[in-house]
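To start, the structure under review is shown below, and the notes come after it.
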Amino acid sequence: MVDMAVIELSRLQFALTALYHFLFVPLTLGLSFMLVIMESIYVMTDRPVWRVVTRFWGKLFAINFVLGVATGITMEFEFGTNWSYFSHYVGDIFGAPLAIEGLMAFFLEATFVGMMFFGWDRLSKRQHLFTTFMVALGSNLSALWILVANGWMQHPTGSHFNPDTMRMEVTDFGAVIFNPVAQAKFVHTVSAGYVCASVFVLGVSSYYILRGKWVAVAKRSFTVAAAFGLASALSVVVLGDESGYTLTDNQRMKLASLEAMWHTEPAPAGIALFGIPSMEGRKTLYEVKVPYVLGLISTRSLTGQVAGIDELVVKAETRIESGIKAYDAVERLKVNRGDMAARAVFEEHKLDLGYAMLLKRFMPDPRKATPADIEKAAWTTVPNVPVMFWLFRAMAGLGFFFIAFFGAAFWMATIRRFGCANGFCRLFMRAAVWIIPLPWMAIEAGWVLAEIGRQPWAIDGVLPTFLGASSLTVPQIWTTIIGFTALYGTLAVIEVRLMLAAIAHGPIEDRASGGTHSQPAHPAYAAVPAE
Amino acid sequence: MVPPIDYETLRVIWWLLMGVLLIGFALTDGFDLGVAALLPFVAKSDEERRMVINAVGATWEGNQVWFILGGGAIFAAWPFVYAVSFSGFYLAMFLVLAALILRPVGFKYRSKRPDAKWRARWDWALFVGGLVPALVFGVAVGNVLTGVPFRLDSDLRAFYEGTLLGLFHPLSLLAGLLSVAMLVLHGAAWLALKIEHGTVHDRAQRFGQIAALAAIALFALGGVMMATMGYGFRLEGAADPAGPSNPHLMTMLAAPGAWLANFSAHPWMLAAPLLGFAGPLLALAGMRARREVMAFGGSSAAAAGIIGTVGLSMFPFILPSSIDPASSLTVWNASSSHMTLFIMLLVTCVFLPIVLAYTAWAYKVMFGRVTLHDVRTNPDFY
């Protein structure tokens, strides 16, 4: 039997370290491209103020970037340390994108970032712009490969179970890379990062404008952020990753649970604006629905059906029954690899093997399951519906809010040129400072939604989460959870303080930044005077 | 699609590539670790320390990717090894991760505030970030040589019986110290190459000479322990080198002394331990003669020779089990599928040369010694 305490603690640690890592990643993804835009303007116009703009945001980028990198190391090794059966079971497919990420993306990002910070007086302007671009490209490619890996966990294509090696193996590498779920997730995730960076730049710039400090730098940054943010906010909503939700039973279950749709409705299904989903009663109370919208968004058609939770659970039962046959065949093949009859049964039922493993939560041998056990296991395929329902509404609501927010900012920067008669501009800018944390909340909500929605599976339909963990002990995992929390907590406090200090200091460069003595800067680094 | 290279060859290629990655890591990030471990000793004042830090400032980030790529490549090509070793060394891995997290943050944040206490704290963080990984990697290799206490059930799930303290025994301590000596030597050689002539440069050379002597002595002692205490495992009967990756399909036994068998069967393999001795000697001579390039070449050869010796002595074993030799992981039973190995080889052939090209460019751009003048005037320096 499985020690659920080990599973829950392993999940807790992974969730904590991943959510922490993703506090830094979105800013890296977005700010790197904004640096490219700012520096391109500098190279094209040759106006020194744009150099100051680029170097100032580059300084904030550096403070953030390093923690993204440092905490990313944990993520790569945690699969092996805490999810070793997962790593064995799917490493043949899942390891490849992680290795390619290192080779194609992370090397690019990390090698060029050194030149971006240190190369200002060793490279020509164009060469330096090129290094900045390579950093942006590398960090975004990095996201691509990580989401190819994550997308495969949500929608495991191009692979099959091999009873000789007791693991999943690749059959079609192209299908793994061009996985539609991965593609949708990539666009959605990097766009969210761009929104995050835009909100950050807009908020800090607003703070400067309100205080009348560094106005020349701040107005230019504000304008770049408004334009980039508007485009990204539109992209993050329009290209949301819902399009993949009709592909498989588990993706359908995710959609049904985040909509708290207990029963299949006639197409096109409506979307709930409000409701109180109840897991016990298996229904949603006080529901307020807008007709047709869900069917249109998720199936992109008028006739496509969105399956309900009840119907998907019934389907899971039949798949568990079929999976038990596959499981039995695998056990026979373990004894005799040449058992052709067992191999034939396995081939017929292999797609459902993972469903039989859901029973291992309740019994060591799924072949001994009663119909009641099977029904119980089938209901474990339903994720936590109220959590899904509300997280989705929080995330999507913020997504729409950002469109309006950047629409207003863009209007202010380009049409009104920062001058509004009735004080609206100042009010807006004050709000812009306060909403800086919102994109982080939306992004973390999105990740929790995606990963809670995948439960009970580590790999949808293939490997239940509770089977993926390493055979560790509870004290071992507590040790590392406490260790990571202490380390990460300390670093978070330091990071925020340094960030605030750098913002308070502003874009001046009055001395060698690392030096202990106040000295006049190298002439090339003299800042433009504040206006 | 059937890959055009046969499975056995691909497995050997990926075994070699794992060696290339480990050596690549030791040659690049290895000197960053050594430099960080030397920081409090070769540099006393703040300006001296900043010279040392900036000697790796622009390139440590890229170097560190060798470590991350090593993890990713082992995951992709040897998922079994990745799964069993990282979870088996659970708390040791946590120590390495914590140290490796402190290091980048130390490099970046130390210079953000001028006060001396703040900087002193980060100096210690950097020291820990350099020393601990170097030590733990060596201890881990020592444990791989004696076997790791794990067993596999019929689902190929791994179970462990070891503890954190159990990782420390004579051979693993020796390997840990050797690893520290080797990387400190490499770090000292890098500082001698990269820092302007003066106090720091000379201190680095002195520490480098001590490290070179220590590396030679420890490596020799390791050889003596191998010959007298008898470590090793061997394959029993005919294993199919192109068969499915499943340890239950072949027989492995503990065979004391077997780690030296490869060298007598294939004498050309003795080139690796010879390099392991010649490298530190060359580095020592280079430092005495103040020929920095020669010293750096020597310390690089030392790392390649010592790592190569371990790999060759164990072939085809990668991760033997001390409590259940039949669960041992070898080149023939722990790899990815034929298809994955082939695809990953293609990817490596395309991207590794590109990586090497732009890494070379980065070093060229940053060419030249770090001077006291630089750290006083360049606002981009740490």
In whole Hz, the Karplus estimates of ³J(HN,Hα) for region A:461-475 (6.51, -1.76, 1.60; θ = phi - 60°; x where Gly or Pro) are x, 10, 9, x, 4, 5, 8, x, 6, 6, 7, 9, 9, 4, x
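Accessible area lost on pairing B with A, both sides, 1.4 Å probe, Å² to nearest 100?
Numbers: alone 17330 and 23450 Å², together 33080 Å².
Approximately 7700 Å² gets buried when B meets A.
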Per the charge dipole of region A:156-230 (beta-carbon charges, Lys/Arg positive, Asp/Glu negative, Cα centre), the residue among A:A226, A:P180, A:M166 reaching farthest to the positive end is A:A226
Taking a probe of 1.4 Å and leaving out DNA, RNA and ligands, chain A shows per residue an accessible area in Å² of 37 Å²
Simple SL model, points at 7 angstrom along Cα→Cβ for B:A239 and A:L285; separation in nm is 6.3 nm
Note to self: C-alpha centroids of region A:187-243 and region B:145-201 sit apart, in Å, by 45 Å
Quick calc, the protein assembly as shown, dipole around Cα centre from Cβ unit charges on Lys, Arg (+) and Asp, Glu (-), nearest 20 debye, gives 3060 debye
Shielding of B:331-341 by other chains, given as the mean Cβ count within 10 Å, works out to 4
Note to self: with every protein chain in place and a 1.4 Å probe, chain B gives an accessible area per residue in Å² of 35 Å²
Rounded to one decimal in nm, the spacing of the 7 Å Cα→Cβ label points at A:E347 and B:D115 is 7.3 nm
Shielding of B:45-51 by other chains, given as the mean Cβ count within 10 Å, works out to 2
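Given R₀ = 30 Å, FRET efficiency for A:T485-A:S124 by Cβ-Cβ distance, to 0.05? Intermediate results must be reported in sequence, preceding the final value.
On the way: r = 46 Å, r/R0 = 1.53.
So the FRET efficiency works out to roughly 0.05.
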Between B:V370 and residues 5 or more places away or on another chain, the pairs with built amide H atoms under 5 Å apart involve B:I195, B:E196
A correct Karplus calculation of ³J(HN,Hα) over region A:5-18, with 6.51 cos²θ - 1.76 cosθ + 1.60, θ = phi - 60°, whole Hz and x for Gly and Pro, returns 5, 4, 5, 5, 5, 5, 5, 4, 5, 5, 4, 4, 5, 6
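For chain A, compute the orientation-averaged projected area of the C-alpha convex hull (one quarter of its surface), in nm². The partial results should precede the final answer.
Details: hull surface 112.3 nm².
Result: 28.1 nm².
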Rounded to a whole %, the carbon-and-sulfur portion of the accessible area of region A:54-102 at a 1.4 Å probe is 71 percent
In short, region A:144-180 residues buried by 30 Å² or more of accessible area relative to the isolated chain (1.4 Å probe) are A:D164, A:T165, A:M166, A:R167, A:V170, A:F173
Total charge of the residues flanking A:V345 in space, meaning their Cβ is under 15 Å from its Cβ, with Lys and Arg +1 and Asp and Glu -1, is 0
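Can you compute the charge dipole magnitude of chain A about its Cα centre, using +1 on each Lys and Arg Cβ and -1 on each Asp and Glu Cβ, nothing else charged? Give it in debye, rounded to the nearest 20.
Its charge dipole is roughly 1840 debye.
Please work out whether the protein assembly as shown counts as rounded, prolate or oblate from its C-alpha gyration tensor, where a ≥ b ≥ c are the square roots of the eigenvalues and a/c under 1.5 means rounded, while otherwise a/b larger than b/c means prolate and anything else oblate? Don't jump to the answer; show the numbers that get you there.
On the way: a/c = 2.14, a/b = 1.01, b/c = 2.11.
Oblate, since a/c reaches 1.5 and b/c is not below a/b.
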Sorted by chain and number, the residues with a modelled amide H under 5 Å from that of B:F233, at a separation of 5 or more or across chains, are B:A255, B:A258, B:W259
For chain B, the accessible surface attributable to carbon and sulfur atoms (probe 1.4 angstrom, ligands and nucleic acids excluded) amounts in percent to 72 percent
Checking rank on A:24-30, A:429-435, with mean other Cβ inside 10 Å and highest first, the result is A:24-30, A:429-435
Between the alpha carbon centres of region B:248-269 and region A:453-473 the gap in Å comes to 38 Å
Taking the square root of 5λ for each eigenvalue of the C-alpha gyration tensor of region B:323-376, the equivalent ellipsoid has semi-axes, largest first and in whole angstrom, of 43, 20, 6
Binned at 5 Å starting from 0, the alpha-carbon pair-distance distribution of region B:289-341 in whole percents comes out as 4, 16, 15, 14, 13, 12, 9, 7, 5, 4, 1
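If I take every Cα pair under 8 Å that is 6 or more residues apart in chain B, average their sequence separation and divide by the length, what percent do I get for the relative contact order? Please list the in-between numbers first.
On the way: 623 pairs, mean separation 93.0, N = 382.
For chain B, the relative contact order is 24 percent.
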Projected area averaged over all directions for the convex hull of the alpha carbon atoms of region B:126-193, nm², comes out at 5.9 nm²
The ³J(HN,Hα) series, computed from each phi in region B:277-287 with the Karplus coefficients 6.51, -1.76 and 1.60 at θ = phi - 60°, rounded to the nearest Hz and given as x for glycine or proline, is 8, 5, x, x, 5, 4, 4, 4, 4, x, 5
Per the charge dipole of the protein assembly as shown (beta-carbon charges, Lys/Arg positive, Asp/Glu negative, Cα centre), the residue among A:I436, A:N250, B:F80 reaching farthest to the positive end is A:I436
Quotient of Cα radius of gyration and Kirkwood radius for region A:389-468, i.e. Rg/Rh, equals 1.25
Sorted on mean Cβ neighbours within 10 Å (highest first), peptides A:45-57, B:172-184, A:492-504 come out as B:172-184, A:45-57, A:492-504
With the full set of protein chains present, the residues of region B:353-367 whose 1.4 Å probe accessible area falls by 40 Å² or more relative to the chain alone are B:V355, B:Y358, B:W361, B:V365, B:M366
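Quantify how strongly other chains surround peptide B:155-167 by giving the mean number of their Cβ atoms within 10 Å of each of its Cβ atoms.
On the way: counts 10, 6, 8, 5, 2, 6, 0, 0, 1, 2, 0, 0, 0.
That works out to 3 on average.
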Most packed first (mean Cβ within 10 Å per residue), the peptides A:348-359, A:272-283, A:310-321 order as A:348-359, A:310-321, A:272-283
With 0.36 nm assigned to each residue of separation and the Cα-Cα distance removed, B:H373 to B:A278 gains 30.5 nm
Scoring region A:1-123 by relative contact order with C-alpha pairs under 8 Å, at least six apart, yields a percentage of 27 percent
In whole Å, largest first, the alpha carbons of region B:233-375 cover along the principal axes 64, 36, 27
The answer for A:K289, listing residues at least 5 apart or on another chain whose modeled amide H is closer than 5 Å to its amide H, is A:L273
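What is the mean projected area of the alpha carbon convex hull for chain B, to one decimal in square nanometres?
19.1 nm²
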Two pseudo-spin positions, 7 Å from Cα along C-beta at A:L500 and at A:R367, lie apart in nanometres by 6.4 nm
So A:I276 and A:R337, fully extended at 0.36 nm per residue minus their Cα-Cα distance, gain in nm 16.7 nm
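The values are calculated or read from the model by the stated rules, or taken from the named source; none is laboratory data. The structure presented is a predicted model; accordingly, all values stated were derived computationally and were not measured. Cβ coordinates were reconstructed from backbone atoms using ideal geometry, including for glycine residues, and neighbour counts include every protein chain displayed. SASA here: full protein model, heavy atoms, side chains in, ligands and nucleic acids out. Shrake-Rupley method; radii C 1.70, N 1.55, O 1.52, S 1.80 Å.
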